[in-house]
Amino acid sequence: MKAFDYVAEVSSVPIGDILRRYPLAVDYLANIRLVGVDETKTLPEILENVDEDMLEEFGLDREEVIFHFSAFLEAFSRMEESIETISSITILGGRDKTGRPEMLELTVTPGEVVSIVGPTGSGKSRLLEDIECLAQRDTPTARQILINGSAPDLDKRFSTGGKLVAQLSQNMNFVMDLTVQEFLEMHAKSRMIPGSAAVVEKCFAVANSLAGEKFTLDTKVTQLSGGQSRSLMIADTALLSSSPIILIDELENAGIDRREAIEILVGNEKIVLMSTHDPLLALRADKRIVIRNGGVTKVIETTAEEEQTLHKIEAIDSALLNIRNQLRRGAIVTNESIPEFQEK
Ligand SMILES: Nc1ncnc2c1ncn2[C@@H]1O[C@H](COP(=O)(O)OP(=O)(O)OP(=O)(O)O)[C@@H](O)[C@H]1O
């Protein structure tokens with residue numbers, strides 16, 4: 001539907017029906033002090049009884065209110081559409097660092113996690129960058145990324161609002177000096193999330209459960225540690241972001257609960273691709289892409305046996321975490337700190 005059709009809808013449909021269909025429209029009306037309106041009336045009917053001086057305060061006349069409100073509904077619907085229409089992403093191979101062709105056609109669907117493994121410098125981050133910019137054979141790897149089986153439109157590739165891809169990179173720097181609460185509220189508002197106060201609270205609780213050292217809603221985002229900022233961004237990406245594709249570059253460096261972070265992201269039906277050197281994360285994925293010398297050499301489905309080894313790897317991991325925590329507390333590490341692992 002075009003903005004013009006929304007004007008027709010707003011002019012003929014009772015506002016109560018519109019608010020039920022587009023819950024965020026309540027906030028829009030509240031911003032121009034239209035609260036507790038008669039829901040059986042249409043917006044033009046309601047505006048007839050509104051003082052023109054009051055509307056002037058917002059620099060609008062009656063017709064402009066109707067037009068702006070219709071444009072808001074159009075933008076809201078467009079954002080919803082872009083979220084719903086992602087059913088797959090496909091990576092088509094290009095060439096490795098020596099120019100050899102990369103034999104790859106991998107399709108990933110929502111709810112799937114794919115890890116990317118390979119030696120340092122092999123091209124893991126490059127693959128994530130290719131996906132982030134929805135490469136069309138125009139990056140050094142010559143890969144092509146398809147959305148729902150075809151090349152994305154230019155506006156999808158370069159749009160900033162309602163982005164398809166959210167990137168959680170190794171270094172997160174906040175430029176604005178907001179508190180955590182202000183930051184989350186701003187995101188919730190800009191992403192048109194209904195019931196934003198409850199979502200902000202949930203986001204804060206999740207971020208704090210991931211972070212080692214707790215922070216408060218009053219903490220300035222610029223004062224968060226690296227791990228705390230990443231926890232906040234993971235919670236924000238999982239719960240507030242409309243982006244259906246999430247790229248994570250080396251979560252292991254974040255000093256946070258990595259497994260819980262992945263569960264939270266996957267639980268929200270996102271497509272997750274993450275580069276990692278961490279066996280726990282690599283095997284938590286449904287598939288793993290192996291890269292060497294800039295090219296994908298294999299795509300491996302995590303086997304049932306590998307899944308079974310996960311709990312043993314977790315035990316090793318938590319033993320290491322214990323030792324790390326002992327060192328952090330200034331304790332002396334003894335032989336007892338190191339559990340025995342039985343050889344099979
Ligand atoms: N197919 C390719 N063709 C040309 N250059 C490539 C290709 N793949 C990767 N590169 C380049 O190789 C360099 C190293 O790649 P990248 O940073 O992605 O490695 P990495 O595996 O993420 O390393 P690390 O594990 O250290 O983070 C980058 O400059 C990247 O642009």
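Values in this text are rule-based calculations from the coordinates and carry no lab data. This structure is a prediction, so every number in the text was calculated from the model and none was measured. Because the Cβ atoms are built from the backbone with ideal geometry, glycine has one as well, and the counts that use them run over all protein chains shown.
About the Cα centre, and with charges only on the beta carbon of Lys, Arg (+1) and Asp, Glu (-1), how big is the dipole of the chain? Nearest 20 debye, please.
Dipole about the Cα centre, nearest 20: 1860 debye.
Nearest 10 degrees, 0 to 90: what angle lies between the long axis of helix 180-190 and the longest principal axis of the chain (Cα atoms)?
In the chain, helix 180-190 runs at an angle near 60 degrees to the longest axis.
In terms of the Cα gyration tensor, with a ≥ b ≥ c the square roots of its eigenvalues, is segment 3-84 rounded because a/c is under 1.5, prolate because a/b exceeds b/c, or oblate?
Taking the square roots of the gyration eigenvalues as a ≥ b ≥ c, segment 3-84 is prolate.
Quick one: helix 226-239 against the long Cα principal axis of the chain, what's the angle to the nearest 10°, folded into 0 to 90?
Roughly 50 degrees between the two axes.
Once you order the gyration tensor axes a ≥ b ≥ c over the Cα atoms, which shape class does segment 89-302 get: rounded for a/c under 1.5, otherwise prolate or oblate by comparing a/b with b/c?
prolate
How would segment 214-344 be classified by its alpha-carbon gyration tensor: rounded, prolate or oblate, with rounded meaning a/c under 1.5 and the a/b versus b/c comparison settling the rest?
Oblate, since a/c reaches 1.5 and b/c is not below a/b.
Around Ile116, which amide H atoms from residues at least 5 apart in sequence, or from another chain, sit under 5 Å from its own amide H, with H modelled in the peptide plane?
Met274, Ser275, Thr276, Ile289
Where does each of Arg33, Arg143, Arg230 land when they are ranked from fewest to most other beta-carbon atoms within 10 angstrom?
By the 10 Å Cβ count, ascending, the order reads Arg33, Arg143, Arg230.
Where does each of Ile248, Ile291, Ile271 land when they are ranked from fewest to most other beta-carbon atoms within 10 angstrom?
Placing the least packed residue first, the sequence is Ile291, Ile271, Ile248.
Which of Lys189, Lys214, Lys124 has the fewest other C-beta atoms within 10 Å, and how do the rest follow up to the most?
Lys214, Lys189, Lys124
With +1 on each Lys and Arg Cβ and -1 on each Asp and Glu Cβ, and nothing else charged, work out how big the dipole of segment 3-84 is about its Cα centre, in Debye to the nearest 20.
Charge dipole of segment 3-84: 300 debye, to the nearest 20.
Sum -39500 (n - 2.57) across every DSSP H segment of at least 4 residues in the chain, then divide by the residue count to get the 222 nm mean residue ellipticity, nearest 500.
Roughly -13500 deg cm²/dmol at 222 nm, from the helical runs in the chain.
Quick one: 3J(HN,Hα) in Hz for segment 17-29, Karplus 6.51/-1.76/1.60 with θ = phi - 60°, rounded, Gly and Pro as x.
5, 5, 5, 6, 7, 10, x, 6, 5, 4, 4, 4, 5
Please state the relative contact order of segment 89-302 as a whole percent: Cα pairs under 8 Å, 6+ residues apart?
33
Less than 20 Å apart at the alpha-carbon level, and either on another chain or at least 8 residues along: which aspartates and glutamates does that give for Lys124?
Reachable aspartates and glutamates: Asp96, Glu102, Glu105, Glu112, Glu132, Asp138, Asp249, Glu250, Glu252, Asp278, Asp286, Glu301.
Note the angle between two axes, namely the Cα long axis of helix 62-84 and the longest principal axis of the Cα atoms of the chain, as a number of degrees from 0 to 90, rounded to the nearest 10.
That helix lies at roughly 20 degrees to the long axis.
Putting +1 on Lys and Arg Cβ atoms and -1 on Asp and Glu Cβ atoms, find which of Gln136, Leu146, Thr120 reaches farthest to the positive end of the dipole of segment 106-148.
The residue sitting most towards the positive pole is Thr120.
Mind ordering 307-317, 216-226 by average Cβ neighbours within 10 Å, highest first?
For the peptides 307-317, 216-226, the packing ranking is 216-226, 307-317.
Relative contact order of segment 3-84: what whole-number percent is it, with Cα pairs under 8 angstrom and at least 6 residues apart?
Contact order relative to length: 39 percent.
What list of ³J(HN,Hα) couplings, whole Hz, do you get for segment 141-150 from phi and the Karplus terms 6.51, -1.76, 1.60, once you set θ to phi - 60° and write x for glycine and proline?
Going residue by residue, I get 8, 6, 6, 10, 10, 10, 10, 6, x, 9 Hz, with x marking Gly and Pro.
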